[in-house]
Amino acid sequence: MTAQQKVNLLGLSRPQMEEFFLTMGEKKFRAQQVLKWIHHHQADSFEQMTDVGKALRQKLSEVAEIRGPKVTHESISRDGTRKWVFEMDNGGAVETVFIPDGRRGTLCVSSQVGCAVDCSFCSTGKQGFQRDMTSAEIIGQVWQASRAFGPRRNLGQHPITNVVMMGMGEPLLNYDKVLTAMRIMKDDLGYGIGKKRITVSTSGVIPKMNQLSEDLDVSLAVSLHAPNDELRNQLVPLNRKYPLKDLMAACKSYSKNITHRHNTITMEYVMLRDVNDKPEHARQLVKLLNGIPVKVNLIPFNPFPHAGYERSRKNDILEFHKYLNDNGVMTTVRTTRGDDIDAACGQLVGQVKDRTRRSERWKESIFHRAEQTDNRSEERRVGKECRSRWS
Ligand code: SAH
Ligand code: SF4
């Protein structure tokens with residue numbers, strides 16, 4: 001059997017791992033041992049698994065492997081944000097970002113290489129779609145980030161407390177693989193991350209939103225970005241297939257499924273200068289969201305070369321924010337983190353491809369940071385999950 005054909009145990013959830021051992025003619029409890037070795041002890045070889053007999057370890061190494069995505073770059077920002085670039089098999093690269101915030105540490109995870117949805121303000125969309133990531137590649141980002149923090153003592157002390165599926169790609173268009181990876185994130189034999197602390201962000205793939213509410217209890221964020229169909233059709237082309245009326249109905253039913261158990265849906269709204277940031281947009285948004293338990297997260301647009309959009313003026317963002325809050329829609333403004341290492345929204349993989357722009361961007365990011373310092377305390381309150389965009 002060649003390395004290519006070996007089963008990568010990194011990407012197996014508990015039931016899949018049990019199935020694997022049963023198929024090998026082994027006992028089910030082996031699954032628990034091996035899951036712990038991989039995700040708690042960060043093992044990458046069967047040799048390390050000292051409570052598994054030598055013969056079984058030998059057998060495992062013939063048919064299986066533990067293989068994470070290959071790290072090609074790693075950087076740490078002055079604000080503590082860390083970024084890893086992973087090289088994918090068959091080409092392409094994705095990035096993962098860790099954002100520390102007091103006791104919380106949020107890992108922003110990718111689900112696809114590129115993205116087919118092609119939102120007009122998103123650099124991943126501009127790259128086109130290359131391929132879905134495997135569940136091993138998705139959970140492998142958590143595994144590699146964990147390894148970078150050193151050995152785990154126990155679940156409670158783990159630096160990664162939250163995961164947001166807000167990296168590259170549309171997670172609900174790679175549903176099965178993302179679901180498997182999230183099951184491993186939630187499992188105590190995996191990372192033991194609670195349902196409120198795992199967030200799937202979607203541009204609005206309605207059938208899969210419905211399915212997710214049946215399959216797994218996690219938090220949902222919807223990339224709304226516009227309060228009417230005409231504008232949303234331009235910004236998020238998927239809106240032509242799943243228009244706002246249907247999307248809002250799907251959000252309502254999702255929230256019915258989840259609200260009694262935990263929280264509201266987050267509506268993400270990227271602030272694009274003179275495009276979707278006017279008082280009339282705020283008024284329409286309040287009407288649109290009426291009756292749905294949501295909180296709105298305003299994301300100042302992160303520019304990238306040839307984007308064709310600009311970030312909204314600070315004052316327009318503040319007024320938009322105030323109007324929504326004054327009208328009963330809980331709203332926060334997202335801060336930009338890690339911009340000195342190009343780890344902020346819209347600033348990722350492009351730098352690996354084109355490092356020549358780096359110093360120029362670095363200067364720009366310093367400017368943005370200076371602009372942001374006076375509303376830091378407001379931003380502190382904001383969930384600091386990352387939006388990983390790639391140019
Ligand atoms: N595909 C999913 C998840 C990844 S995108 C989705 O669209 O929800 C994560 C978030 O980053 C989305 O809300 C997306 O709209 C936002 N985003 C994309 N490009 C951005 C940019 N240049 N600046 C700020 N936010 C951006
Ligand atoms: Fe894809 Fe999300 Fe970017 Fe839209 S915003 S192109 S769905 S990654």
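The values are calculated or read from the model by the stated rules, or taken from the named source; none is laboratory data. This is a predicted model, so every value here is computed, not measured. Please note: Cβ atoms are built from the backbone with ideal geometry, for glycine as well, and neighbour counts cover all protein chains shown. All accessible areas refer to the heavy atoms of the entire protein, side chains included, with ligands and DNA or RNA removed. Shrake-Rupley method; radii C 1.70, N 1.55, O 1.52, S 1.80 Å.
Could you check the stretch 1-22 and list, in sequence order, the residues that are over 13 Å from Ala64 (Cα atoms) and either modelled with pLDDT under 95 or surrounded by fewer than 16 Cβ atoms within 10 Å (Cβ to Cβ) (or both)? Answer for the stretch 1-22, where residues must be over 13 Å from Ala64 (Cα atoms) and either modelled with pLDDT under 95 or surrounded by fewer than 16 Cβ atoms within 10 Å (Cβ to Cβ) (or both): Pro15, Glu19, Leu22. On inspection, Gly328 fails the criterion of being assigned to a loop (DSSP other than H, G, I, E, B), at pLDDT below 95 and either open to solvent by 10 Å² or more (accessible area, probe 1.4 Å) or within 20 Å of Glu74 (Cα to Cα) (or both). Answer yes if at least one residue in the stretch 251-274 is among the basic types (Lys, Arg), modelled with pLDDT of 95 or more and more than 14 Å from ligand 2 (Cβ to nearest atom), and no otherwise. Yes, the stretch 251-274 contains a residue that is among the basic types (Lys, Arg), modelled with pLDDT of 95 or more and more than 14 Å from ligand 2 (Cβ to nearest atom). Looking across the stretch 26-44, the residues that are open to solvent by 20 Å² or more (accessible area, probe 1.4 Å), within 14 Å of Leu60 (Cα to Cα) and more than 26 Å from the chain's Cα centre (by Cα) come down to Glu26, Lys27, Arg30, Gln33.
Here is a yes/no grid of residues against (1) more than 23 Å from Ile184 (Cβ to Cβ); (2) within 16 Å of ligand 1 (Cβ to nearest atom); (3) of a type in the set (D, E, K, R):
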position	(1), (2), (3)
Asp89	no, no, yes
Val109	no, yes, no
Gly114	yes, yes, no
Ser120	yes, yes, no
Asp132	no, yes, yes
Ala136	no, no, no
Val142	no, no, no
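The residue list Tyr323, Tyr269, Tyr309 contains one member that is of a type in the set (Ser, Thr, Tyr) and open to solvent by 70 Å² or more (accessible area, probe 1.4 Å), which is Tyr323.
Applying the condition of being surrounded by 20 or more Cβ atoms within 10 Å (Cβ to Cβ) and more than 11 Å from ligand 1 (Cβ to nearest atom) to the stretch 293-306 and asking which residue is farthest from the chain's Cα centre (by Cα) yields Val294.
Looking only at residues in the stretch 45-76 that are of a type in the set (A, V, I, L, M, F, W, C) and within 24 Å of the chain's Cα centre (by Cα), which one is modelled with the lowest pLDDT? Out of the qualifying residues, it is Ile76.
The single residue among Arg131, Arg103 that is without any contact (Cβ under 8 Å) to a residue 60 or more places away in the chain and either touching a Ser or Thr at 6+ places or on another chain (Cβ under 9 Å) or among the acidic types (Asp, Glu) (or both) turns out to be Arg103. Residue count for the stretch 117-155 under the criterion of being among the polar types (S, T, N, Q), open to solvent by 60 Å² or more (accessible area, probe 1.4 Å) and within 20 Å of His40 (Cβ to Cβ): the result is 1. Summed over the stretch 102-111, the residues that are surrounded by fewer than 21 Cβ atoms within 10 Å (Cβ to Cβ) and either on the phi < 0 side of the Ramachandran plot or near ligand 2 (Cβ under 9 Å from one of its atoms) (or both) give a count of 3. For the stretch 224-251, taking the residues that are more than 15 Å from ligand 1 (Cβ to nearest atom) and aliphatic (A, V, I, L, M), the one that is most open to solvent (accessible area, probe 1.4 Å) is identified as Ala249.
Taking the listed residues Gly91, Gly114, the one that is farther than 20 Å from Asp44 by Cβ, away from ligand 2 (no atom under 16 Å from the Cβ) and not aliphatic (A, V, I, L, M) is Gly91, with no other qualifying. Taking the stretch 165-223 as the range and being within 16 Å of ligand 2 (Cβ to nearest atom), on the phi > 0 side of the Ramachandran plot and open to solvent by 10 Å² or more (accessible area, probe 1.4 Å) as the test, only Gly169 passes. Identify, please: which residue in the stretch 110-144 is more than 22 Å from Pro300 (Cβ to Cβ) and assigned to a loop (DSSP other than H, G, I, E, B) and is, among those, modelled with the lowest pLDDT? Looking at residues that are more than 22 Å from Pro300 (Cβ to Cβ) and assigned to a loop (DSSP other than H, G, I, E, B), I get Gly128. Just one of the listed residues (Asn290, Asn297, Asn302) is farther than 23 Å from Cys119 by Cα and polar (S, T, N, Q), and it is Asn290.
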